Amino acid sequence: MKQVIFIIALIPFFSIYGQQTMPGGVPGACVWEITEGIQPDQAQWKSKLDSTVNTELVIKGKIKTINNNPALFFSKGTNTINSTLDLGKLATFSLFTVCQGNDTILERVIFSLENDTAAEMVLTNRRMAALDVYRYANFSANMKLYPKIYSYTQNKTADPGIVSRRLQFGWPPRSQHLPVSVFSGIVPEIILFNRFISPEERQKVESYLALKYGISLNQEFPVSYLNSNGEIIWDAEMNADYCQNIAGIGRDDLSGLNQSISESTQTPGVMKIGVLGELKNNSFLTWGDNGKPLRFEEESGIRKLQREWKISAFNFKTDSLYFETNELSLSEIDPLDDEETFWMMVDRSGTGKYPFRQTGYVQCLPLSLSEGFIRFSSVVIDADSSGNDLFTLLAAPSFFTRSIIQSPTCSSPQSGAIQTEIAGGVPPFRLILKGTSNSSFLVSDKEYERDHVFEGIGQGGYILQAIDADNKLFIEEIWVPNDHQWETQISQQYKLVEGGTLILDASEGMPAVNYIYSWTAPDGSIVNNEVITIDQPGNYLLSVTDDNYCNSTLEINVNQIGRSNFKNVELFPNPVNGWFVVRVSLERIADVNVVISDMSGTVLKRTLLQNDRFYVYNDVIQQPGIYLITLESAIEKVTLKLIVQ
């Protein structure tokens, strides 16, 4: 989101405000236009105030939506009636608007300010220009088609004579010819104050607009979200690691806000949260993510999404929340293995560590009924009233265990523990823990709760069998290392290309200490070196011994994959009339060249996608016909046929 603030001087303003509802709870709005539907496909701006500026303003057009709120559609200015707002003699004012352009190809005017003789200001999708004082602010070159909040403040001394000012929406100033195009896009709301508002008031208005329309306030410098009372409902500094794609639901009667379902309009389809029933006044639930990829990686025996969300509750209590993710927003095509489903894992501690007995698990609704959406219902957030939870998604069976290791020490070899949490299934549960490094170790327990602690655990391998009351079985393989202070760069999982080799160096990134390294291969052979060359899949053990003869052994799993790198490709929609999407899942990181050609073999376009395992490619072909989309990676090719109607 780009914010434009243009301040010349600060002049106090005094007035008497009588309206009950105020944008962001800030008094002094003299224009507050919000889109309302008037026909199934038509909308107009309707004032929430008795306007003191122009009571004859009528702007109509087609209806669109932003974050489940109606928005007026400007189509090159042709569908509006009287798109000029007369500001009268206002020299000092603060203006806010939300808009989303239809394209980024051309520079388009959102609104312009002019007087009877000259243009004073023009705001476009690329820059703000104060024409009367020759000052300009360019926006980021990385333009995207998501909604943005624009704010403009003008604070001038009284005009020497009578000056009439006008705001014109969607058109360049009539008094000056500029190389810009008329606006095409949607504008749901506009707010005008007949005074210079304070920084806190600005923050309150922008927080109101951001929550309503699912827009992240610029977090280059942390900006918290405020309610109409000025209370912090999203602490930007405390949540600095989760400052991406901020959105929220909430009700604030003083602001006229009642947003019961929301998502970030910067990442539509990724995470939508709603509440069933009514929200109470001054209650908010706000969330943001860590910006990591939407892909699963194995962690502690389960596959966990790298992206996490932090959610903050302010005066919010309900257990009727629902969550929704479009499966197409995930990087990997068909991410579930056989008999797997999606789970939500909630960290009640808010630390991101998902600690034992502070982690909740919610299974998604049946995927066969979800039509491509991953949905969770009746999710309890902030059960401990701490105000903060973290959550992410898992890909796991409908019944599984997640074990957290407490490592033993070299001085006390049996001081370790395995803390196990149980998700899904029907209690009571039979838990059987067998030692694989120590075959004499065997523990069997019956558990009615969904957590269990195995104590007296030493370094080595274990197999945990969990059996529920319906005889569902889940087997978890666990490796327990001795406690150690160092961290190697060796991963727990590797992929070995069939017929290839894998070279691992355990000393890379380790402290400059004389450690002794030893590798044990799946066949029992031992390599007494920090480097090992692997040409066979299986479980490898890396043993590291320090100067005090304390040994810690790690387990590394090497899976074999085929020579072909293309795991899955997908083209949709097909046939198409406009934009289409190609998704690619690879077995390993590689570049992919996308070649689009017609049936005669003429190449129309080439695009190189680089340095990833998962790609999403968007494009548009307007001319009807049959086209070939060829995906090239190294010496491999995959060709898809696209029909454009």
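Derivation of every value follows stated rules applied to the coordinates shown; laboratory data play no part. In this text, all values refer to a predicted model and were calculated from it rather than measured experimentally. A quick note on method: Cβ atoms are made from the backbone with ideal geometry, for glycine too, and the neighbour counts reach across all protein chains shown.
Assorted remarks:
- Applied to the stretch 628-636, the Karplus parametrisation 6.51 cos²θ - 1.76 cosθ + 1.60 on θ = phi - 60° returns per-residue 3J(HN,Hα) values of 10, 10, 9, 9, 10, 9, 6, 9, 9 Hz, with x for Gly and Pro.
- Estimated from the Cβ-Cβ distance and a Förster radius of 30 angstrom, the FRET efficiency linking Asp619 and Ser329 is about 0.95.
- Derived scalar couplings ³J(HN,Hα) [the stretch 547-564; Karplus, 6.51 cos²θ - 1.76 cosθ + 1.60; whole Hz; x for Gly, Pro]: 5, 8, 6, 8, 10, 10, 10, 10, 9, 10, 9, 10, 9, 8, 10, x, 5, 5
- Estimated at 0.36 nm per residue, the fully extended path between Asn557 and Ser368 surpasses their Cα-Cα distance by 64.7 nm.
- Cβ-to-Cβ counts within 10 Å put Trp486, Trp32 in ascending order as Trp486, Trp32, the fewest first.
- Considered as an equivalent ellipsoid built on the Cα gyration tensor, the stretch 227-397 has semi-axes of 27, 17, 15 Å, the largest given first.
- For the peptides 95-102, 622-629, residues were scored by their other Cβ atoms within 10 Å and the scores averaged per peptide; the highest-first order is 95-102, 622-629.
- Projected label points at Cys550 and Val380, each 7 Å from Cα along the beta carbon direction, are separated by 4.0 nanometres.
- Spatially proximal lysines relative to Lys64 (Cα-Cα < 27 Å; intrachain offsets below 8 disregarded): Lys2, Lys46, Lys48, Lys76, Lys144, Lys148, Lys204, Lys212, Lys272
- Each Lys and Arg contributes +1 and each Asp and Glu -1, all at the Cβ; summed about the Cα centre of the chain, the dipole is approximately 2600 debye.
- The calculated pair-distance distribution of the stretch 566-644 uses every alpha carbon pair, bins of 10 angstrom beginning at 0, and gives 18, 55, 24, 2 percent.
- Phi-derived couplings, Karplus 6.51 cos²θ - 1.76 cosθ + 1.60 at θ = phi - 60°, listed residue by residue for the stretch 242-257: 10, 9, 8, 6, 6, 8, x, 10, x, 10, 9, 4, 5, 8, x, 9 Hz, with x used for Gly and Pro.
- 0 to 90° range, to nearest 10: angle between helix 199-213 axis and the chain longest Cα axis: 70
- Sequence-distant lysines (8 or more away, or on other chains) whose Cα lies within less than 16 Å of Lys156: Lys89
- Relative exposure of Asp103, Asp86, Asp289, judged by other C-beta atoms within 10 Å (fewest first): Asp103, Asp86, Asp289
- Across all C-alpha atoms in the stretch 23-207, the radius of gyration and Dmax reach 15.6, 49 Å.
- Prolate/oblate/rounded call for the stretch 331-382, Cα gyration tensor, a/c under 1.5 rounded: prolate
- Fewest-first ranking of Ser398, Ser552, using other Cβ atoms within 10 Å as the exposure measure: Ser398, Ser552
- Among the cysteines of the chain, those with no neighbouring cysteine Cβ under 4.7 Å are Cys30, Cys99, Cys243, Cys364.
- For the chain, with +1 on Lys and Arg beta carbons and -1 on Asp and Glu, the positive-most of Pro23, Gly524, Phe441 along the dipole: Pro23
- Each 20 Å bin from zero up to the one holding the largest Cα-Cα distance in the chain carries the following percent of pairs: 16, 41, 31, 12, 1.
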